[in-house]
Amino acid sequence: MATTETLDHAQEVSYLGAKKGIMSWLVTIDHKRIGVMYLASVLATFALGGILALLVRAELWAPNLVAGDELFSADIYNRLFTLHGLVMVFLFIIPSVPAAFGNFVLPLMIGAKDVAFPRLNLASYYVYVIGTVMALYATIAGGVDTGWTFYTPYSASVSGPVVMMVMAAFVLGFSSIFTGLNFIVTIHKMRAPGMTWQRLPLFLWAIYATSIIQVMATPVLGITLCLLAMERAMGIGIFDPALGGDPVLFQHFFWFYSHPAVYIMILPGMGIMSELVTVHARKTIFGYRAIALSSIAIAVISFLVWGHHMFVSGQSVYAGMIFSFLTFLVAIPSAIKVLNWVATLYGGSIQLNAPMLWAMSFLILFTIGGLTGIFLGTLATDVHLHDTYFVVAHFHYVMVGGTVVAFFGALHHWWPKMFGRMYNEFWANVSAVLFFIGFNVTFFPQFIMGSQGMPRRYYNYLEEFEIFHKISTSGTWLIGLSFIIMVVYLVRSLTSGEKASANPWGAKSLEWATQSPPIEHNFHEIPTVTEGPYDFPKAGGK
Amino acid sequence: MASETAQGSFWMPPEASTFAGDVDALFDFIYWLNVFFFVAITGAIVYFAIKYRRKSDDQLATSQVGHNTLIEAAWTFIPLLIVIAIFVWGFRVYLDQSVAPDGAYEVKVTAQAYAWSYTYPDGRVEQELVVPEDTPVKLVMASKDLLHSFFVPDFRVKSDVIPGRYTTVWFEAKDPGEHIVFCTEYCGSGHSAMMSKVVVKTVPEFEEWLKSSGPPDGMSLADWGAQLYTGAGCAACHSVDGSQRVGPSWKGVFGSERKMAEGPAVKADENYLRESILQPLNKVVAGYPPSMPSYQGQLSDAKIDALIEYMKTLK
Ligand code: HEM
Ligand SMILES: [Cu+2]
């Protein structure tokens, strides 16, 4: 990509060294520093959620045959899985890609100096911190055992700091809205000359679609959670049948947000995929338009499918029919994207480095997650599979096999840009492969036990399911090991890694046109764009 | 893969209801479709990864093809047609699952944290669902407290059970035998113990059973009580070995002095225990939450007697 930047002059002071001291970070309005703070925070919450997952799986290692031989009591177990879900969804995955990588690379990618509202950006971070502290406080003050879905009437009647936890989710929603709003305006208003919509990197199309959902859907969650808090605190009967409320209404409200939220979680991961498969194969994206437009299509249709979480909630047969049909419609754009990424690899120059290995893991795991979704969108089979471990396996293949894998692909892809250093390639590859194996060992058996009838959210189970649980729990140790390795080589990279050049992968998008790590104002002069982000040369010339 | 077997298959539990086979046929179809697409996609990835692997640092791509209308149209419309076919198939089987035939034998199901009870047309209340084989049975379900969900894997039926609203499921069991019932809507500490059983009997055996009352043949009253302790869901909150759960342990309770949250202490005789089961809030044991559900209308007198007999044996 042509720019006015000259890359060979001496390294200048980067955003990391531009200002010194802890305060220079805490009150920064530099999108890059805010991105790094978000990155550190979401890595910490991921570690917390991961430890909770290890504990949940440890309890499930064996069934409790006599009273007292359990690792955790039912009440503790229920708090553990609830907290695991809440941490992973609200504290990790929703902010992960947009707030960490989106913040860092979005302005760079469009050739801007910062986001449109830098102060709002900093505010969004502190709102996130406040929400996190509230959630941790609720955990220490007894914890909640409602499941991350907060279904009424249980959540309205059970004792414990439910209101505090609900308010934490409410506050976190604002952080998400602020970020979304900021990104929409930035993409509309701050693109460098020549950066047309058709030249926008696909990562940004995905972030753009995500931001729209964040801004439109999150308020519904906020209102729902407020209604729940009002019912609990003031006895206003909205969901409780004893007070004249409707217990199923909560589920409609909740999923009206949370189904689109599933796309808040996956679309950014899809955006990352388009960057990884092109750059590390030196290949033009196959079907740029189809990928960009399918993100928008997903964003729109995702608002119309919430009822597929409720096929057995007593909704009418015809409501079930419509929701099932729309669910299949929204599946098509996702399938198209996967096929486009695979086709992109055709004829490429594929480097099997860490970002590419994570990208290939995504393709395989997300395919399994998506294909198994067909069983769940189909009415007759969902009746059997709903609320069993089949569902647990399915959404982990999508959320972890999709988004989390893409997140770590992005971490390895943008790491040299963010910190100006390379990491040990060998260990990075080992970690990626180990994760892939451990993930499948953990979650594949859950499909089988689920379709055999094992319900989810059970702290104890029948002996016939033991073998599946044992395999699954062993897999978590492999996953844990892969992350321990990752922490070691990334820390070593920060302290003693080889210096990264401005563009170590030979990528074409603008973030690689400035030095690594970038200077505080990103570019000396606003660059002018004359090419698309994936215009790689062909062997033997054009 | 699932086939017409009584033992079940690698993926699926036994097919014990008339429509289980239809559900499994669809499951199999989707399964093989998944296998096909998975192998195709993974195969392509592995093949490309080997064939186009970068061998030297300056190696460029040999193709820069950016789109191909024919291919893109094909992989949009072919999957679309396939999923529409699956949708139609799934909806038709679902209609069979949802709509009970006229004249089905009706049993009322009551869910309550953490037990199921079944009320028969003659008013008898049971902790196990006893049904005749080869007869359509329709369950009309409601919850007394939270959301629960009634799931019989062997029958491929599931429905949430909701307070203040009726939901239904129906099935026709194929052979005599026993099938597990799970609660699949999370309902708190006793959720994973909220199980029950469907017992399918031949029609003559079922009619015989309908006439009987009292403990099953050859079982003492105390043994029946022990069975009801788990069957009626008491085990979720009461231990019998002195250990702590939501409610007091039953070990040594009979005949002991009980301290009350309010009012004078009470001696735990038959009348007190009976009252504790039917109107638990009248006298709440000191140190415990008033969370014991009432079993009024859920347990017959004979069963309450059996439970009390059982408590007497726990010294
Ligand atoms: C990587 C390692 C992980 C492991 C081993 C793991 C394991 C588990 C287990 C065992 C459960 C409990 C199932 C039950 O009792 O019903 C669970 C629930 C859940 N997990 Fe994970 N998980 C992992 C990562 C994640 C991530 C990254 C997310 C992000 C979205 C996530 C989201 C959830 C959610 C939403 C639930 C449901 C909680 C609920 O039922 O309320 N998990 N996970
Ligand atoms: Cu339940």
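Could you tell me whether the range A:445-462 includes any residue that is of a type in the set (D, E, K, R), without any contact (Cβ under 8 Å) to a residue 40 or more places away in the chain and out of contact with any Pro (no Cβ under 9 Å at 6 or more places or on another chain)?
Among the residues of the range A:445-462, not one is of a type in the set (D, E, K, R), without any contact (Cβ under 8 Å) to a residue 40 or more places away in the chain and out of contact with any Pro (no Cβ under 9 Å at 6 or more places or on another chain), which makes the answer no.
Any residue at all in the range B:176-191 that is assigned to a helix (DSSP H, G or I), more than 14 Å from chain A (Cβ to nearest Cβ) and open to solvent by 30 Å² or more (accessible area, probe 1.4 Å)?
no
Of all residues in the range A:474-531 being open to solvent by 30 Å² or more (accessible area, probe 1.4 Å) and among the small types (Gly, Ala, Ser), which is nearest to A:ALA53 (Cα to Cα)?
Top of the filtered list is A:SER474.
Under 7 Å between Cβ atoms, at least 6 apart or on separate chains: pull out the pairs that start in the range B:185-197 with a residue that is assigned by TED's automatic domain parsing to the domain that holds B:VAL157 and end on any residue that is among the β-branched types (Val, Ile, Thr) and more than 15 Å from ligand 1 (Cβ to nearest atom).
Between residues of the range B:185-197 that are assigned by TED's automatic domain parsing to the domain that holds B:VAL157 and residues that are among the β-branched types (Val, Ile, Thr) and more than 15 Å from ligand 1 (Cβ to nearest atom), the close pairs are B:SER189/B:VAL246; B:MET195/B:ILE180; B:MET195/B:VAL181; B:SER196/B:VAL181; B:LYS197/B:ILE180; B:LYS197/B:VAL181.
For the range A:287-341, which residues satisfy the criterion of being aromatic (Phe, Trp, Tyr), open to solvent by 40 Å² or more (accessible area, probe 1.4 Å) and away from every other protein chain (no Cβ under 11 Å)?
A:TRP306, the sole residue that qualifies.
Quick one: A:PRO355 ticks every box in (1) more than 9 Å from every other protein chain (Cβ to nearest Cβ); (2) open to solvent by 10 Å² or more (accessible area, probe 1.4 Å) except a single one, so which number is it?
Status for A:PRO355: all satisfied but (2).
Among the residues of the range A:52-89 satisfying the criterion of being charged (D, E, K, R) and either buried (at least 18 other Cβ atoms within 10 Å of the Cβ) or under 29 Å from the mean Cα position of the chain (by Cα) (or both), which is farthest from A:TYR128 (Cα to Cα)?
This residue is A:GLU59.
Working only within the range B:265-315, note down all residues that are among the charged types (D, E, K, R), in a loop (DSSP other than H, G, I, E, B) and surrounded by 13 or more Cβ atoms within 10 Å (Cβ to Cβ).
B:LYS283
If I filter the range A:175-192 for residues that are charged (D, E, K, R), more than 16 Å from ligand 1 (Cβ to nearest atom) and closer than 20 Å to A:ALA40 by Cα, do I get at least one hit?
Checked the range A:175-192: no residue is charged (D, E, K, R), more than 16 Å from ligand 1 (Cβ to nearest atom) and closer than 20 Å to A:ALA40 by Cα.
Hey, B:ASP134 hits all of (1) more than 28 Å from B:PRO216 (Cβ to Cβ); (2) open to solvent by 10 Å² or more (accessible area, probe 1.4 Å) but one; which does it fall short on?
Here B:ASP134 meets the rest and fails (1).
Just to confirm my filter: which helices (runs of 4 or more DSSP H) fall fully inside the range A:1-111 and include at least 1 residues that are modelled with pLDDT under 95 and within 16 Å of ligand 1 (Cβ to nearest atom)?
The helices (runs of 4 or more DSSP H) meeting that bar are A:31-59, A:74-86.
Find the residue count for the range A:56-105, including only residues that are farther than 30 Å from A:GLY420 by Cβ and more than 16 Å from ligand 2 (Cβ to nearest atom).
29
The values are calculated or read from the model by the stated rules, or taken from the named source; none is laboratory data. These figures come from a predicted structure and were not determined experimentally. Cβ sites come from the backbone with ideal geometry, for glycine too, and all protein chains shown count toward neighbours. All accessible areas refer to the heavy atoms of the entire protein, side chains included, with ligands and DNA or RNA removed. Shrake-Rupley method; radii C 1.70, N 1.55, O 1.52, S 1.80 Å.
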